[in-house]
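See structure below.
The values are calculated or read from the model by the stated rules, or taken from the named source; none is laboratory data. Here the structure is a predicted model, which is why all the values come from computation and not from measurement. Cβ sites come from the backbone with ideal geometry, for glycine too, and all protein chains shown count toward neighbours. SASA here: full protein model, heavy atoms, side chains in, ligands and nucleic acids out. Shrake-Rupley method; radii C 1.70, N 1.55, O 1.52, S 1.80 Å.
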Amino acid sequence: MFHTLPEDPSFFALLLKIDQDQAKLTQAAGCACGGRLDRANYPRKPRGCRIELASNFNCRFSFCCDACRKRMTAMSVRFLGRRVYLALVVVLSSSRHAGSNSGAPRLASRLDVPLRTLERWRVWWADAFIRTPLWLVERGAFMPSVDCARLPASLLERFVAPDAQTRLSDMLRFVRPLTVRLILPQPQARANHAS
Ligand SMILES: [Zn+2]
């Protein structure tokens, strides 16, 4: 049921709406210095989706303070940090890589995700994700505890809803605090933003 989402226009529209709402909240809150936040989006060229859907994902919502010039980037369900692949692809492809048997088994190859990229994501879920402040704080809320060896599939299983769109978007909302404030490790130079 999840495997159709990377090609589902209504799912892309839903994620865009969630990010637009979040960006409004970020802008309305203003800068810590009291300044006004002006729109200063980052252009993105997302990988892992059909070209006609990419227009929903061609920028990351960000702002710049008119007083102190500080950057303020809104949390996102569309992009997981600086990765060029969509967050939904990072979750779904990694879930299959981790042995989940739901949906199409060849999702990653269909979306042109190289095996070495999948391997890098697998290591990130297994090593870096479980050490993030988000996971250290939130993991206790899952009973029984989430099987870290099967992340992210084991986490996605915990978001229960009548439809796949809601389940995946709820999980993307859960991890979206990781998309700001450089909590994610920076991609290595040789990765050239391709992770
Ligand atoms: Zn400011």
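List of remarks:
- When MET143, MET171 are compared by accessible area of protein heavy atoms, the largest-first order is MET143, MET171, using a 1.4 Å probe.
- Shown are LEU115, LEU134, whose ranking by accessible area with a 1.4 Å probe and every protein chain present, most to least, is LEU115, LEU134.
- By accessible area, using a 1.4 Å probe on protein heavy atoms only, the chain has 55% of its surface on carbon and sulfur.
- Across the options ALA54, ALA67, PRO152, the greatest Cα extent toward the positive end of the charge dipole of the chain (unit charges at beta carbon of Lys, Arg, Asp, Glu) belongs to ALA67.
- The H on the amide N of ARG60, modeled in the peptide plane, is under 5 Å from the matching H of TYR42, ARG44, each at least 5 residues off or on a different chain.
- Label-point separation, SER55 to ALA67 (7 Å along Cα→Cβ), nm: 3.9
- For segment 85-175, the alpha carbon convex hull comes to 97 Å³ per residue, rounded to a whole number.
- Per residue accessible area of the chain, 1.4 Å probe, in Å²: 51
- FRET efficiency, 1/(1 + (r/R0)^6) with R0 30 Å, evaluated for VAL180 and ASP8 via beta carbons: 0.70
- Fluctuation leader among PRO133, PRO162, PRO43 - the chain, Gaussian network, Cα springs under 10 angstrom: PRO162
- Of all aspartates and glutamates in the structure, the ones whose alpha carbon falls short of 18 Å from that of LYS45, not counting any fewer than 8 places away in one chain, are GLU7, ASP19, ASP112.
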